Amino acid sequence: MPNMQSEKTPMPEQEPSVRSGNFLEVAKGYTEELALNEAGRCLNCKHMPCVSGCPVNVRIPEFIAKIAQKDYSGAAAVIKSTNSLPAICGRVCPQESQCESKCVRGIKGEPVAIGRLERFAADYAMERGIKTEEKIEKNGHRVAIVGSGPAGLTCAGDLARMGYGVHIFEALHTPGGVLMYGIPEFRLPKGLVKQEIAAVADLGVTIETDVVVGRALSMDELFEDGFEAVFIGSGAGLPSFMHMPGENLNGVYSANEFLTRINLMKAYDYPRADTPVTVGESVAVVGGGNVAMDAARCAKRLGAKDVTVVYRRSEAEMPARAEEVHHAKEEGIVFSMLTNPVEVIGEEGWVTGLKCVKMELGEPDASGRRRPVEIAGSEHVLNVQTVVIAIGNMPNPLLRSTTPNLETNKRGGIVTDEETGATSIPGVFAGGDAVTGAATVILAMGAGKRAAKGIDEYIRGKK
Ligand code: FAD
Ligand code: SF4
């Protein structure tokens with residue numbers, strides 16, 4: 001008999017008052033007992049609606065059934081056969097809009113906590129060093145990958161399993177993309193990201209860091225070096241700004257810089273770390289997405305007394321995951337909705353305030369969301385010493401400006417064939433945020449997978 005409990009089995013978490021003062025992981029994960037209870041809620045549906053909601057088609061009922069049978073390493077092996085980064089996905093995927101949104105248990109209650117169970121199985125195998133044996137026969141062909149985020153890592157892993165010699169070129173000194181430099185330690189511990197990257201390298205993938213393709217090496221040079229195809233997974237690392245007066249004062253950060261200093265360079269551990277990051281007593285974070293939530297929660301952990309998220313629409317339109325907004329509120333982050341910044345105010349080169357206006361929602365715009373309209377006479381100043389701009393990221397322009405004939409769209413995304421990831425240049429494929437603009441880990445992984453298939457078909461077709 002399935003467990004007919006209508007709500008998900010809760011996952012233990014650090015208390016908000018404790019965790020807002022440390023960078024340790026907020027969610028502690030299921031114990032064996034909790035995982036068995038939750039696995040018992042799965043109905044093992046024959047038509048598997050949850051699988052259709054997963055961009056990498058994890059065989060969800062199969063792995064949950066293995067957990068229910070206490071075969072935890074078997075569960076991890078099922079997940080790993082289609083998803084090379086399960087401990088990461090179990091933590092950061094927006095399951096509520098993917099697999100869990102299709103779960104039949106969600107019709108009359110809460111869906112099965114698929115993400116929490118995925119995390120449990122992946123952690124079980126990782127903590128015990130259980131590896132899935134894979135027999136790989138090399139096929140003698142070589143593929144280059146630009147960027148080591150989830151798109152590049154997934155494409156690399158799938159190609160390596162097919163027998164290709166795969167070489168990843170990464171611009172930064174550490175592989176992992178946003179997983180390492182963007183998403184904070186308290187949501188995604190870097191130790192486990194490193195372990196999942198090491199498992200991809202164990203498939204025979206070479207990862208070379210500190211190489212900026214488009215500067216140190218051109219696309220043509222990669223082909224001259226004997227690579228038969230190239231996958232571009234260079235992400236969307238170019239921050240957008242408001243273009244308001246005062247934005248270049250000291251104390252204004254892009255969320256990218258702020259989070260990179262904190263996560264990749266461990267500024268929270270300064271002076272033991274290489275770089276500091278200064279936050280004032282009061283901080284404003286501009287934006288309403290996951291990046292804004294991460295920046296606000298980091299600012300709080302760095303010692304800011306008041307952190308305010310400033311967003312020009314209402315809470316209903318906020319793109320951030322509901323769970324992240326909930327966590328931020330629990331940690332004491334204040335939300336100033338329907339508020340738009342118009343000027344950063346400063347003295348002697350440093351930020352002293354953020355001038356804002358109040359907004360109301362008008363008619364829907366092109367995105368279908370109601371357009372915010374300024375309320376006359378609503379100008380006011382937030383007294384802050386730090387402003388973090390988190391209003392979005394665009395694909396980095398370097399590759400498109402140094403690769404002739406690489407077609408891109410108006411927003412700078414590389415134009416590809418949806419099925420194969422093929423670009424306008426024969427042998428060059430792309431996927432992830434470099435194509436879609438800022439999106440999600442699992443969508444980037446799905447694109448990496450499709451491109452690996454496309455590259456295999458392309459290279460076989462040449463023989
Ligand atoms: P990236 O992860 O950006 O990786 C691209 C890599 O390419 C980088 O390492 C970069 O250094 C490298 N590169 C760029 N140009 C070059 C070059 N010329 N030569 C060599 N290397 C190059 N998604 C979720 O699903 N859940 C979340 O909770 C979530 N939270 C997020 C929080 C933050 C702060 C941010 C910024 C994003 C978040 N996302 C989240 C989005 C998600 O991380 C991205 O959609 C995903 O990482 C995109 O993967 P990617 O492989 O396309 O690119
Ligand atoms: Fe289990 Fe829900 Fe998938 Fe059905 S839809 S198999 S209940 S996870």
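The values are calculated or read from the model by the stated rules, or taken from the named source; none is laboratory data. Computed from a prediction, not measured in an experiment: that's the story for all the values here. Here the Cβ positions follow ideal geometry from the backbone for every residue, glycine too, while neighbour counts run over all protein chains shown.
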Hey, Gly147 closer than 28 Å to Arg91 by Cβ and surrounded by 24 or more Cβ atoms within 10 Å (Cβ to Cβ) or not: yes
Only one of Ala434, Ala439, Ala451 that is among the aliphatic types (A, V, I, L, M), in a loop (DSSP other than H, G, I, E, B) and within 12 Å of ligand 1 (Cβ to nearest atom): Ala439
Every residue from the stretch 139-155 that is on the phi > 0 side of the Ramachandran plot and in contact (Cβ under 8 Å) with a residue 60 or more places away in the chain: Gly147
Test for Glu419: is it among the charged types (D, E, K, R), modelled with pLDDT under 95, away from ligand 2 (no atom under 16 Å from the Cβ) and not in a helix (DSSP H, G or I): no
Among the candidates Gly214, Gly226, Gly233, residue that is under 27 Å from Ile168 (Cα atoms), in contact (Cβ under 8 Å) with a residue 60 or more places away in the chain and touching a Cys at 6+ places or on another chain (Cβ under 8 Å): Gly233
Residue tally, condition in a loop (DSSP other than H, G, I, E, B) and surrounded by fewer than 24 Cβ atoms within 10 Å (Cβ to Cβ), over the stretch 150-169: 2
Number of the condition not met by Thr339 [criteria: (1) closer than 30 Å to Lys28 by Cα; (2) touching a Cys at 6+ places or on another chain (Cβ under 6 Å)]: (1)
Filtered residue count, the stretch 84-125, keeping only those that are more than 17 Å from Arg187 (Cα to Cα), within 13 Å of ligand 1 (Cβ to nearest atom) and assigned to a loop (DSSP other than H, G, I, E, B): 2
Qualifying residues in the stretch 301-342 (those that are of a type in the set (Gly, Ala, Ser) and over 16 Å from Ser20 (Cα atoms)) - the one modelled with the highest pLDDT: Ser336
Lys190 away from ligand 1 (no atom under 13 Å from the Cβ), surrounded by fewer than 21 Cβ atoms within 10 Å (Cβ to Cβ) and closer than 23 Å to Ser254 by Cβ: yes
Residue pairs meeting the criteria (Cβ under 7 Å; at least 6 apart or on separate chains; first closer than 18 Å to Ala299 by Cβ, in the stretch 184-195; second within 16 Å of ligand 2 (Cβ to nearest atom) and aromatic (Phe, Trp, Tyr)): none
The listed residue being more than 22 Å from the chain's Cα centre (by Cα), of a type in the set (S, T, N, Q) and outside any loop (DSSP other than H, G, I, E, B), out of Ser378, Ser401, Ser424: Ser401
Residues (farther than 18 Å from Glu196 by Cβ and modelled with pLDDT of 95 or more) located in the stretch 63-94: Ile64, Ala65, Lys66, Ile67, Ala68, Gln69, Lys70, Asp71, Gly74
Complete set of residues in the stretch 246-269 that are of a type outside the set (Gly, Ala, Ser), assigned to a loop (DSSP other than H, G, I, E, B) and farther than 21 Å from Leu188 by Cβ: Glu247, Asn248, Leu249
Hey, Lys102 in contact with a Pro (Cβ under 6 Å, 6 or more places away or on another chain) and surrounded by fewer than 23 Cβ atoms within 10 Å (Cβ to Cβ) or not: yes
